[in-house]
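First the structure, in the form of structure tokens, and then the observations on it.
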Amino acid sequence: MSLQRNKQNARRGAAMVEFAVGIALLWALFAGVYQYGYSIFIYNRLQLSISNAAMYASMTTYDASYPNNFLDTIKNLAVYGKVTGGTKAVVPGLTRENIEIITNPIAGLPTVVTIRVRNYQVPSIFARYMLRDKPRVTTLFIGQVTCSTC
């Protein structure tokens, strides 16, 4: 009788060990899938924000007297989702310093607008991913050009 009890106790212990190993593997698998999905979600939000800023930049009025106003407005739109700025970025950790705008000027006027994200780290649970020059959008400038001090 005691030999049969020892076998049952050993089976129960083995089942508990198998469950512990199985749940650890499943947890690691689910955590990896979650982190990958979250990284894709953050990249999508960045891509949408940069695309919206590039579309706005290609059609807005460019004042040749104050080119920094143009750049500041576009950076605000890319980071905060509003041309006036804000306090909460579209993705965690994104700052105005992460946004680079290149206008490829000819005679001081923009011809093409390129907006890209520089050195942004995707915040995640287990690891951090650095996005260098991604996402990036280039559009043709078709907006109006004014000169308020000319």
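Read-outs throughout are calculated quantities, based only on the coordinates presented, and are distinct from any laboratory measurement. Please read all numbers here as calculations on a predicted model, not as lab measurements. Here the Cβ is made from the backbone with ideal geometry for all residues, glycine too, and neighbour counts use every protein chain on show.
Odds and ends about this structure:
- Computed magnitude of the charge dipole of the chain (debye, nearest 20; Cβ of K, R +1, Cβ of D, E -1): 900
- Folded to 0 to 90 degrees: helix 67-80 orientation relative to the chain principal axis, Cα: 20
- Normalised contact order of the chain, rounded percent, pairs of Cα under 8 Å and 6 or more residues apart: 24
- 3J(HN,Hα) along segment 25-37, derived from phi through the Karplus expression 6.51 cos²θ - 1.76 cosθ + 1.60 where θ = phi - 60°, amounts to 5, 5, 5, 5, 5, 5, 5, x, 5, 4, 5, 4, x Hz, with x in place of Gly and Pro.
- Set of aspartates and glutamates near LYS134 by C-alpha distance (under 12 Å), chain-local residues within fewer than 8 positions excluded: GLU100
- Cβ-Cβ FRET estimate between GLN35 and LEU71, R0 fixed at 35 Å, reported to 0.05: 0.55
- Bins of 5 Å from zero: percent of alpha-carbon pairs in segment 2-146: 2, 9, 15, 15, 12, 9, 7, 5, 4, 4, 4, 3, 3, 3, 2, 1, 1, 1, 0, 0
- Remark: segment 82-94, residue by residue, has Karplus-estimated 3J(HN,Hα) of 9, 6, 8, x, x, 10, 10, 6, 5, 9, x, x, 7 Hz, where x stands for each Gly or Pro and the curve is 6.51 cos²θ - 1.76 cosθ + 1.60 at θ = phi - 60°.
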